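Heads up, the thing below is written out as structure tokens.
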Amino acid sequence: MEGFAMQLGVGVIGTGFMGKTHALAWRNVKAVLGGVMGSVPVPELRLLCDTPADKAVAMADQFGFAAATSDWQALVRDPAIDVVSITTPNGMHHAMAMAAIAAGKHVWCEKPMALTLAEAEEMADAARARGVVTMVGYNYLKNPAFTHAQRLIHVGAIGRVVQFRGWVDEDYQADPELPWSWRAKLADAGLGALGDIGTHLVSMAHGLMGPIASLIADMQTIHETRPLPDGQGRGVVENEDAAAVVLRFANGAQGSMVISRAAWGRKSRLGFEVHGTKGMIVFDQERMNELQLYQNEGPKAEQGFKTILTGPAHPPYGEFCPAPGHQLGFNDLKVIECAALLRGIAGLEAAHPDFGDALRIERVIHAIADSARNGGSRVHL
Ligand SMILES: NC(=O)c1ccc[n+]([C@@H]2O[C@H](COP(=O)([O-])OP(=O)(O)OC[C@H]3O[C@@H](n4cnc5c(N)ncnc54)[C@H](O)[C@@H]3O)[C@@H](O)[C@H]2O)c1
């Protein structure tokens, strides 16, 4: 990897929702977090890939990349590229990541890793064998509110954790007349709500409670067919819209999760309660700059939940904004994720969540699907 000590050649594949967040993060990470990242290589926005070619050229100009291509294989082979962002639909992650790893490139891949568990295992094995640094886009783990919740649990602020209740509800598939798309097809999307949004909830459950030991699950496809985009009848929805899960963590705590992509009115209701023997922590992504904390202390007449608004006391919030309560946004989480990847590439700390961590998340969502398909039998992980 030429020029590694000074500069890091960045290639991004995809320019949609996530492609833009990766491009912005690569562009802004030094300006925002340069003072606290340590000695890391400086990212250079060298090559942007999308199809068709004219779209790639236009987006490279908009995002500030030096060059554009419509050939992702040329991007991963290019000797000027040291790290590859993969932000394409799920079905392409495996081929792109395997090619990038084979070429010795570091990889920042969007979640879920792959369509199948076997593909995700192959990706994690290949990255380990080739010794490249990887990161998977579990951005919600980078929220200063979330890392503060982890700290509170670690210092015993709510005692011994005994129960996790998690939910992730969105309404992007709630409308029964929404046209059929690749998201409904097993071969293109893999799992449905579980892969798309359930993965994020599992990442948070792991981050707060540690590994899941076993689970029992049920799932349902709420809208079994959707109108085909060409108006010629209806297409079958092959994957799940919703799931409900009962969990047992390795630390002995219990848990539950409900997951839906068809929950009217919910836009990004990704949240949890962690119950402890001395208190409770509550989080809701729709209010991502807040935590609710209850501690069983002080006069009974004055007990109650308090709202903690994030600010410079919750690093790295202060690198974005010196004033508490002024609020970070979704794209800021990607900047923090990018900084963690850079520190991993520089060897300052292990990058998390890497392909190994993300594989454990994929194992959970596939275990949920297995349990549900087997009538709710308990699956041990
Ligand atoms: N981390 C998160 O919070 C989060 C949120 C949304 C989506 N995602 C994940 O990100 C991935 C992309 O989702 P999205 O919402 O950005 O999708 P999107 O449809 O907005 O963008 C996908 C991009 O890939 C491009 N593309 C498709 N085929 C290509 C090819 N052969 N070569 C080059 N480019 C190609 C498309 O033109 C488009 O620009 C998915 O895996 C999804 O699960 C993660």
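The values are calculated or read from the model by the stated rules, or taken from the named source; none is laboratory data. Keep in mind that what you see is a predicted model, and the values were worked out from it rather than measured. All Cβ positions, glycine included, derive from the backbone under ideal geometry; neighbour counts span all protein chains shown. Ligands, DNA and RNA are excluded from the accessible area calculation, which covers all protein heavy atoms including side chains. Shrake-Rupley method; radii C 1.70, N 1.55, O 1.52, S 1.80 Å.
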**Request:** Give the carbon-plus-sulfur fraction of the accessible surface of the chain in %, rounded to a whole number; probe 1.4 Å, heavy atoms of protein chains only.
**Result:** 53 percent
**Complete:** the chain accessible area per residue, 1.4 Å probe, protein heavy atoms, integer Å², reads 42 Å²
**Message:** For the pairs 30/267; 111/334; 55/111; 30/334; 20/142, flag any whose C-alpha to C-alpha distance is greater than 21 Å.
**Reply:** 30/267; 55/111
**Message:** Quick check: Cα centre of segment 81-150 to Cα centre of segment 193-260, how many Å?
**Reply:** 21 Å
**Request:** State log₁₀ I(q)/I(0) for segment 24-107 at q = 0.13 Å⁻¹ as given by the Debye formula over alpha-carbon point scatterers of equal weight, solvent excluded.
**Result:** -0.44
**Message:** Straight-line reach only, C-alpha to C-alpha below 16 angstrom: list the lysines that residue 306 could link to, leaving out same-chain residues fewer than 8 apart.
**Reply:** 278
**Fill in**
Under the helix-only model (-39500 (n - 2.57) for each DSSP H run of 4 or more, divided by the residues of the chain), the mean residue ellipticity at 222 nm, to 500 deg cm²/dmol, is -10000 deg cm²/dmol
**Request:** Rounding to the nearest 20 debye, state how big the charge dipole of segment 187-283 is about its Cα centre with +1 on each Lys and Arg Cβ and -1 on each Asp and Glu Cβ.
**Result:** 440 debye
**Message:** Treating only the Cβ of Lys, Arg, Asp and Glu as charged (+1, +1, -1, -1), what charge dipole size does the chain show about its Cα centre? Round to the nearest 20 debye.
**Reply:** 900 debye
**Request:** Towards the positive end of the charge dipole of segment 201-308, with charges on Cβ (+1 Lys, Arg; -1 Asp, Glu), say which of 285, 229, 246 has the farthest Cα.
**Result:** 285
